Amino acid sequence: MAKFQHPVKRIGVYTSGGDAPGMNAAIRAVVRSAIHSKLEVVAISSGYVGMVEGDFGPLNLRSMANIIQRGGTVLKTGRCPEFTKAETRKIAAEHVRKAQLDGLVCIGGDGSFRGAHLLWQEHQIPIVGIPGTIDNDIYGTDFTIGFDTAVNTALDAIDRIRDTAASHDRLFIVEVMGRNTGFIASHVGLAGGAEEIFTPDVPITVEQAIEKIRTGRNRGKLSSILIAAEGQKPGRAYDLAEQIRKKTGWDAKVCILGHTQRGGTPTASDRVLASRLGAAAVETLIRGECDVMVGVQNSAIVAVPIELATGKEKQTPRDLLKLANILAN
Ligand code: ADP
Ligand code: F6P
């Protein structure tokens with residue numbers, strides 16, 4: 001963790017990357033705990049896009065009214081590909097200095113944290129990260145804000161699909177988000193009783209899935225649900241359905257849950273996590289510590305160097321996949 005010498009009087013907050021349910025609860029916690037500690041808080045709109053354009057505005061206690069239960073982010077978010085260029089980051093740093101911000105809180109995923117780390121390294125702008133992404137793919141924290149909500153949203157959809165699958169004796173392939181990891185897939189697969197779970201980092205062959213379904217059919221189990229993580233190819237569930245059709249003649253129905261998983265009311269778990277991490281981020285800056293992500297490990301709040309959080313990969317939980325496989329017999 002890095003240290004900086006500055007009495008913190010004024011901080012900025014921004015959300016960056018994909019929105020995630022619970023980001024608003026995190027913003028609210030940052031703003032209200034900062035004001036409680038007599039700090040001023042400034043909003044940076046649309047992540048790095050707003051930082052580069054100097055789109056800053058004041059926040060107060062009342063700006064945070066009635067947002068704890070809302071999905072999305074009231075600060076707006078965005079992706080700013082130019083931020084990978086040093087000259088773009090220099091412009092952003094100038095705006096931060098001009099606004100007299102002593103530190104920043106970045107709510108986002110690992111890409112957003114990479115940008116934050118460079119702002120610290122190149123321009124000594126102290127930043128603390130809060131992990132906000134439905135993917136749960138950030139090393140150093142057991143959970144990211146939005147993951148629990150996304151899992152519950154996807155599970156609700158799978159339960160509904162099961163009604164039709166059972167009524168028509170059908171095979172469904174449900175595709176979930178999660179980028180290059182299978183956190184959402186493994187959790188909804190286990191909780192939703194899926195026959196097989198395809199993730200990007202644990203190879204399962206189509207033949208294995210077919211064998212599992214065939215064994216079930218021989219025992220009288222006539223409907224099945226397979227979960228496919230999108231991996232690097234959103235829409236891959238259609239490829240899987242086609243492969244199954246070619247090998248067996250079975251008609252697999254495909255349902256891609258897509259962005260439905262990103263929106264909606266955050267669960268209690270996500271709101272509690274967001275509130276704790278928001279307050280912890282402000283306390284970290286007040287202590288003069290930065291270049292860290294605040295996260296949760298075994299229910300305790302921890303600070304993890306951003307280089308570590310962005311440098312290591314978090315693996316899809318193999319134990320959940322194994323258990324789902326045993327239980328879906
Ligand atoms: P997430 O933060 O959810 O992982 P992205 O990967 O899209 O989402 O990153 C969000 C933004 O962070 C990008 O649009 C870009 O502005 C910034 N960013 C991502 N990677 C880098 C990088 N290597 N260097 C500088 N900025 C980056
Ligand atoms: O990182 C969150 C996420 O929803 C991923 O699961 C997904 O791959 C990606 O963002 C989709 O990004 P976009 O909203 O830009 O299409």
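Values in this text are rule-based calculations from the coordinates and carry no lab data. Predicted model, so just to flag it, every value in this text is computed and none were measured. Methodologically, a virtual Cβ is constructed for each residue, glycine included, from the backbone with ideal geometry; neighbour enumeration extends over all protein chains shown.
Which one of GLY57, THR181, LEU321 is farthest out on the positive end of the charge dipole of the chain, using unit charges on Cβ (Lys, Arg +1; Asp, Glu -1) and the Cα centre as origin?
It is GLY57.
Using r as the Cβ-Cβ distance of ALA86 and ARG10, and R0 as 35 Å, what FRET efficiency do you calculate, to the nearest 0.05?
Details: r = 26 Å, r/R0 = 0.73.
For R0 = 35 Å, the calculated efficiency reads 0.85.
Once you place label points 7 Å from the Cα toward the Cβ at ILE326 and ARG245, how far apart are they in nm?
A separation of 3.7 nm, rounded to one decimal place.
Using only Cα atoms and rounding to the nearest 10 degrees, what angle (0 to 90) does helix 236-248 make with the longest principal axis of the chain?
Value to nearest ten degrees: 10.
Please identify every one of the trypsin sites (Lys or Arg not before Pro) in segment 244-294 that sits in a loop by DSSP and has no more than 14 other beta carbons within 10 Å of its own beta carbon. Don't skip to the answer; put the middle values down first.
Working: sites: ARG245, LYS246, LYS247, LYS253, ARG262, ARG271, ARG276, ARG287; in loops: ARG262, ARG287.
Here the trypsin sites (Lys or Arg not before Pro) that fit, given the DSSP loop and packing criteria, are ARG287.
Nothing charged except the Cβ atoms of Lys and Arg (+1) and of Asp and Glu (-1): what's the magnitude of the dipole of segment 202-272 about its Cα centre? Round to the nearest 20 debye. Before the final figure, lay out each step's value.
Working: 13 positive and 7 negative charges, 50 e Å.
The dipole of segment 202-272 has a size of about 240 debye.
Just name one of GLY235, ILE35, VAL294: the one whose Cα is farthest towards the positive end of the charge dipole of the chain (beta-carbon charges, Lys/Arg +1, Asp/Glu -1).
Working it through, the farthest residue towards the positive pole turns out to be ILE35.
Pop the C-beta distance of ILE67 and ILE204 into the FRET formula with R0 = 56 Å and round what comes out to the nearest 0.05.
Values: r = 41 Å, r/R0 = 0.72.
That pair, ILE67 with ILE204, gives E of 0.85.
Return one number: the angle in degrees, 0 to 90 and rounded to the nearest 10, between the long axis of the Cα atoms of helix 23-36 and the longest principal axis of the Cα atoms of the chain.
So the helix axis and the longest Cα principal axis differ by about 30 degrees.
How big is the charge dipole of the chain about its Cα centre, in debye rounded to the nearest 20, if each Lys and Arg gets +1 on its Cβ and each Asp and Glu gets -1 on its Cβ?
In debye, rounded to 20, the chain gives about 360.
Helix 147-168 versus the longest principal axis of the chain: what is the Cα-based angle in degrees, 0 to 90, to the nearest 10?
Compared with the principal axis, the helix lies near 20 degrees.
Could you check which residue among ILE204, ILE184, ILE227 shows the biggest mean-square fluctuation in a GNM of the chain with a 10 Å Cα cutoff?
Judging by the Gaussian network model, the answer is ILE204.
Say we join alpha carbon atoms closer than 10 Å with springs in a Gaussian network model of the chain; which of ILE127, ILE91, ILE158 then has the biggest fluctuation?
ILE91
Which value, in debye to the nearest 20, describes the size of the charge dipole of segment 148-263 about its Cα centre when Lys and Arg Cβ atoms bear +1, Asp and Glu Cβ atoms bear -1, and nothing else is charged? The partial results should precede the final answer.
Working: 16 positive and 15 negative charges, 62 e Å.
Result for segment 148-263 is approximately 300 debye, rounded to the nearest 20.
Please give me, ordered by residue number, the trypsin sites (Lys or Arg not before Pro) of segment 1-32 that lie in loop per DSSP and have at most 13 other Cβ atoms within 10 Å.
Working: sites: LYS3, LYS9, ARG10, ARG28, ARG32; in loops: LYS9.
Passing sites in segment 1-32 are LYS9.
Please go through segment 127-232 and write out the trypsin sites (Lys or Arg not before Pro) that DSSP classes as loop and that have at most 12 other C-beta atoms within 10 Å. Working shown, then result.
Values: sites: ARG160, ARG162, ARG170, ARG179, LYS212, ARG214, ARG217, ARG219, LYS221; in loops: ARG170, ARG179, ARG219, LYS221.
Passing both the DSSP loop test and the Cβ count: ARG219.
Just to be sure I understand: with springs between alpha-carbon atoms less than 10 Å apart, which residue in ASP142, ASP102, ASP19 has the highest mean-square fluctuation in the Gaussian network model of the chain?
ASP142
Which FRET efficiency, nearest 0.05, do SER37 and ALA268 yield, Cβ-Cβ r, R0 22 Å? Don't skip to the answer; put the middle values down first.
Numbers: r = 26 Å, r/R0 = 1.17.
That gives a FRET efficiency of 0.30.
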